[in-house]
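Nothing in this text is a laboratory measurement; each read-out follows from the coordinates by a stated rule. These figures come from a predicted structure and were not determined experimentally. Note: ideal-geometry Cβ built from the backbone for every residue, glycine included; neighbour counts use all protein chains shown.
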Amino acid sequence: MKRSLLLILLVAGFLTASAQNVSLVNGWKFSPGDSTQWSATGFDDKSWQPISTAESWEPQGHDKLDGFGWYRLHVVIPSSLKNNAFFKDSIRFDLGYGDDSYAVYLNGQLIGKNYNTDPKSGFYGLCKTTIKTNDPAILWDKDNVIAVRVFDTGGAGGIYGDPDMFSISMIDIMDYARINTESDFSYGDNNTLGKTVKVETGSNYTYKGQLDITVVDPETGGSIFQKTTDVTFAKGSPYSYALTLPNLQARSYMITYSFKDDRSGKKLINTEGTPYILTPYVHAKPQINGANVFGAHPGAQFLYKIPATGHKPLVFKVDSLPAGLKLDATTGIITGTVNQKGDYHVVFTVRNRLGFAKKKFTIKIGDVIGLTPALGWNSWNAFGLSVTDAKVRVAAKTIADKLSAHGWSYVNIDDGWEAPQRAASGEIVANEKFPDMKGLSDYVHSLGLRFGIYSSPGPRTCGGYLGSYQHEDQDAKTYGDWGVDYLKYDWCSYGEIAPKEPSLDDYKKPYQVMRASLDKVNRDIMFSFCQYGMGDSWNWAGEVGGNSWRTTGDITDTWKSMSDIGFHQQAEQPHARPGHFNDPDMLIVGKVGWGDSQHNTRLTPDEQYTHISLWSLLSSPLLIGCDLGKLDGFTLNLLTNDEVLAISQDALGKEAKEVFKNDNYLVYVKELEDGSKAVGIFNISGKYQTINLNWAELNLGGYTKVRDVWRQKYLITNNKTFKTNVPSHGVELVRLGK
Ligand code: GLA
């Protein structure tokens, strides 16, 4: 199979585990270090340590291990696996995530790796390989030894993941077919949703059977739609089905698509939740959105676009603008330089033919920037290393056209922009995908947006590109010359520079060095640490000059990843404050993909409401990680709720506390500047739940107003208790006021 198709199919997540899988979850042995002997069948690994694949090697006794480690497992591969398959020629080994480089050996033979020659250049991703069933490396019905050599560049290391990510299985008929649900839903009258679903294949086999579509209301379990159709499809001639679901309520229904092939008897299943829109329509009258405060250094270039919605044209005015700043009245973009420190209280006015809106706003010229969490976009979760100038321009234009009116402003390039070699002068240069970095930055700024970039303190970045090691001053200067406003600074390959057992000072050092370099540049550059929270970075990252700091490893688009990260930020919680925020990683809504091809996030719509609500409560930077060129209606609606964003952008800069927790639901409370409280009630169970809260028991007595933030409506309540019906993995987000 073509690699690209295989990737698409894997990413689409349709691979149904058949009973014919051989589990590779249990029985692994581990040793740190490296030896050519360790792949051999006969090697005696009795003295090796048993290791779990549920987590990386760090928490299993190898806290600071960066570098090589080996895993070994004995397993019988039964020939029934092959015999029960319809297609019998290829067999796949799935070994979770490989962090970072891996080479897989079967009985001493190399059967797969994720790098060309240098094991230090492989990159974090799925650890998997496929070989022919007649490969002499396989010993059918006998003991086999799988050995995996891993090289970790820093942070978590090893092979790990959910149990269903560790197995041996045949590449069978349904691996070449796909129920393609990637097209966007359309929204019609009478609360109708429509979409076209395709069943398709890349193989020469002609599939013939039945496609069954069932739509279930997850609260009642009742089916609201069912249809079975005879279906034939082959390479180049997919089967298309136009699904229409009328009269839906504002909730997510579960669709199950299931295709059964008559000849092979094999099945393919795909599921998805239907989207539902909560954010009300934008008013035609002017409304001013976003934070009510913005910080800049004295003497540094100032750029702020007043976020405002309403029928265009809009006309902007600012009263009491400090000397040195000027406003473009048609775009709302304020530029210039203020030399005097101070809090400047200004008033924004925005007019259109239907009326006007006013808002008090404070420009704080002083030592702290990034007073509220950054709102923007980063290329990584969408494009990974395949980011290009053109893709960044599309993102910038989309932010300008559709999102900046709600306060979104950063356009950040992640890894993958760096040329393989520095200039003779030692200066960093961009690769051929970014022919004119200054031109790109100028374009972003011309839209009233800010421009971000990425590097690493080691010789190489996580993606194997050039890092800033020993070129920090030079790089900071180049960023300044390019007009960079945001630097994400990783850790990768710095593990080779830092001592094996880094002390707290060792963890701080590369960030202090780059901080000092940035301080030599007369430009406001937000400094985002990306070292995964090592050395409990939240305790010191603010003092070292970080505007935000990652608290975890990389997020991925699953409920497990998002909820494991988002609901475990409480040790970090007290450290969030204006100018300094915890960063539980970027958003995974919309079309994500970390590379050449994107897929719809695997979070359900309810999980996405939870994601945005939780990240806003946590005062995390909100960096959209999707292909903005393919922004669908649901995702746009999710990202443009001004009352939700107001919680994120609240000037007090506090992070929400978990005030209640049981196995079924959690309650988070964030204090807000005006004395009100934002409360997130999260259903973490697998079912709809009616949740009853007693405000006084949660120390939330005395509030008379309860506002549903997503729906932007006051709720009628008795001020003492609160009852809400929340879908599985969903949220009720309210704002309590007096
Ligand atoms: C690390 C970071 C990611 C991304 C990549 C780039 O994995 O955590 O967010 O920046 O590096 O290589």
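Structure data summary
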read-out	value
Calculated FRET value between ASN522 and LYS142, using beta carbons and R₀ = 51 Å, to 0.05	0.15
Student exercise, the chain dipole from Lys, Arg, Asp, Glu Cβ charges, in Debye to nearest 20	2020 debye
Alpha-carbon centroid distance for the pair segment 344-392 / segment 145-161, whole angstrom	40 Å
Degrees between helix 437-446 axis and first principal axis of the chain (Cα, 0 to 90, nearest 10)	50 degrees
Neighbour-count order for SER258, SER320, fewest beta carbons within 10 angstrom listed first	SER320, SER258
Length added when fully stretched, LYS64-LEU110, from 0.36 nm per residue minus Cα-Cα	13.8 nm
Cα centroid separation - segment 409-476 against segment 88-112, whole Å	34 Å
C-alpha long axis of helix 504-519 to longest principal axis of the chain, angle in °	50 degrees
Scattering profile of segment 435-506 at q = 0.20, 0.24 Å⁻¹ [log10 I(q)/I(0), Debye over alpha-carbon scatterers]	-0.86, -1.06
Charge context of PHE348, other residues only, Cβ under 14 angstrom, K/R +1, D/E -1	+4
Charge sum, other residues only, whose C-beta stays under 14 Å from ALA329's C-beta, Lys/Arg counted +1 and Asp/Glu -1	+3
Cα-based helix-to-principal-axis angle, 3-12 vs the chain, degrees rounded to 10	70 degrees
Cysteines without a disulfide-compatible neighbour (Cβ-Cβ under 4.7 Å), the chain	CYS127, CYS530, CYS626
Cα-projected label distance for LYS227 with HIS311, points at 7 Å along beta-carbon direction, nm	3.9 nm
The chain - Kirkwood radius from inverse mean 1/r over Cα pairs (Å)	27.5 Å
Estimated [θ] at 222 nm from DSSP helical runs (n ≥ 4, -39500 (n - 2.57)) normalised by residues in the chain, nearest 500	-4000 deg cm²/dmol
Segment 634-689 pair-distance distribution - Cα-Cα, 5 Å bins, rounded %	5, 17, 21, 18, 20, 15, 4, 0
Sparse-neighbour loop sites [trypsin sites (Lys or Arg not before Pro); segment 271-357; at most 13 other C-beta within 10 Å; DSSP]	LYS341, ARG353
Scattering profile of segment 287-365 at q = 0.12, 0.19, 0.22 Å⁻¹ [log10 I(q)/I(0), Debye over alpha-carbon scatterers]	-0.31, -0.74, -0.96
Likely footprinting exposure, TRP140, TRP615, fewest C-beta neighbours within 10 Å first	TRP140, TRP615
Net charge of Cβ neighbours under 11 Å - reference ASP175; Lys, Arg +1; Asp, Glu -1	+2
Farthest toward positive dipole pole in the chain [+1 Lys/Arg, -1 Asp/Glu at C-beta], among ILE428, PHE529, VAL350	VAL350
Neighbour-count order for MET586, MET165, MET170, fewest beta carbons within 10 angstrom listed first	MET165, MET170, MET586
Cα Rg, Dmax, segment 155-292, angstrom units	19.8, 64
For segment 605-669 and segment 675-738, distance of Cα centres in Å	15 Å
Electrostatic dipole magnitude of segment 287-365 [Cβ: Lys, Arg +1; Asp, Glu -1; Cα centre; debye, to 20]	220 debye
